[in-house]
Amino acid sequence: MEPHYRPQSISGAFCDLGYSFIGKTETYVVDINVILQQYNVKDVPAIIAKAKQFRRPNEKKNITLSSYLDRWKSVDQETIMKLQKIYSVDIEMFGYPEQPY
């Protein structure tokens with residue numbers, strides 16, 4: 001399977017490492033704030049603003065939850081079932097809903 005789409009559960013040693021925090025792209029801003037505050041990093045908003053300067057042009061800046069859900073509604077049930085099977089461990093491990101909408 002193409003590495004960018006490979007389930008995370010087979011991409012790393014998740015069960016072998018004692019993670020204290022797992023961030024998600026969906027909650028990046030909140031997650032990075034938590035990490036920076038845990039390490040007593042000062043001026044967190046300024047650091048996040050500086051990091052945003054390095055955002056690649058192709059990153060999706062305007063995807064909202066509703067547009068994300070609308071995209072899933074156009075995917076047929078058979079495809080969703082196949083994806084659920086492939087990513088079932090990841091869905092459970094990272095607490096994602098089984099139905100994407």
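The values are calculated or read from the model by the stated rules, or taken from the named source; none is laboratory data. What you see is a predicted model, and the numbers here were worked out from it, not measured in a lab. Positions of Cβ are backbone-derived with ideal geometry, glycine not excepted, and every protein chain shown enters the neighbour counts. Heads up: the accessible areas ignore ligands, DNA and RNA and are worked out on the full protein's heavy atoms, side chains in. Shrake-Rupley method; radii C 1.70, N 1.55, O 1.52, S 1.80 Å.
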Test result for V34, modelled with pLDDT of 85 or more and among the hydrophobic types (A, V, I, L, M, F, W, C): yes
Extreme residue, modelled with the lowest pLDDT, among residues of region 1-21 that are open to solvent by 70 Å² or more (accessible area, probe 1.4 Å) and aliphatic (A, V, I, L, M): L17
Residues within region 22-46 that are surrounded by 10 or more Cβ atoms within 10 Å (Cβ to Cβ) and among the aromatic types (F, W, Y), tallied: 1
Subset of region 80-101 [open to solvent by 90 Å² or more (accessible area, probe 1.4 Å), charged (D, E, K, R) and either part of a helix (DSSP H, G or I) or closer than 18 Å to C15 by Cα (or both)]: K82, K85, E92
Matching residues in region 61-79 - criterion: being assigned to a loop (DSSP other than H, G, I, E, B), surrounded by 10 or more Cβ atoms within 10 Å (Cβ to Cβ) and modelled with pLDDT under 90: I63
Number of the condition not met by A49 [criteria: (1) small (G, A, S); (2) surrounded by 10 or more Cβ atoms within 10 Å (Cβ to Cβ); (3) more than 13 Å from the chain's Cα centre (by Cα); (4) under 20 Å from F94 (Cβ atoms)]: (4)
